[in-house]
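Single-structure report; data block below.
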Amino acid sequence: MLEEEELRRITDFFAEILAVLLAEKEMVGYVDKVSKAPSRELLLFHLNEACRDFFSLKRGREFKPKTKELIKRMEEKMKNKNYIELIENYLNSLYQHLIKGDRKKLREVSSLIGAKAILLASVLREEGHAEGGEDYGGEER
């Protein structure tokens, strides 16, 4: 079982990826698929596919300023880790955490990722937000 802090780190990471896809390309399908995944295997499949599209989008694209800041923060949190290795570790950890047949835990994790992604995407989409204002955590910088 994952410790609460590690689970939060993993759900935040995947929510950030989904938020970028939603804010920049309006790819709401991934949020829906992840939030409503009927099995751990499908949840992990959809998260993996979202990561693939995130990296495709990231290559050679100019992002909105808030999205660019988020991606920079994501990269700083990784501390020289390889994205692919990190995602593989996170997906494996989720697979182990979501015991086969435990629908309650699956719903909890998948809904949490989806809700965080929608919240963050709405912040990333805001236009004209004053510099130094609130980030998605709701705290002053």
Do any GluC sites (Glu not before Pro) in region 1-35 lie in a loop, going by DSSP, with at most 11 other beta-carbon atoms within 10 Å of their beta carbon, and if so which? Glu3, Glu26
How big, on average over all directions, is the shadow cast by the Cα convex hull of the chain, in nm²? 8.4 nm²
Normalised by the residues of region 4-125, what does the relative contact order come to in percent, with Cα pairs under 8 Å and at least six apart? 53 percent
Per-q log10 I(q)/I(0), region 31-72, q = 0.18, 0.23, 0.29 Å⁻¹ (Debye; single scatterer per alpha-carbon; no solvent): -0.62, -0.79, -0.92
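FYI, it's all coordinate maths here, none of it is from the lab. In this text the structure is predicted, and so the values were computed from the model without any measurement. We place every Cβ from the backbone using ideal geometry, glycine too, and count neighbours over all the protein chains shown.
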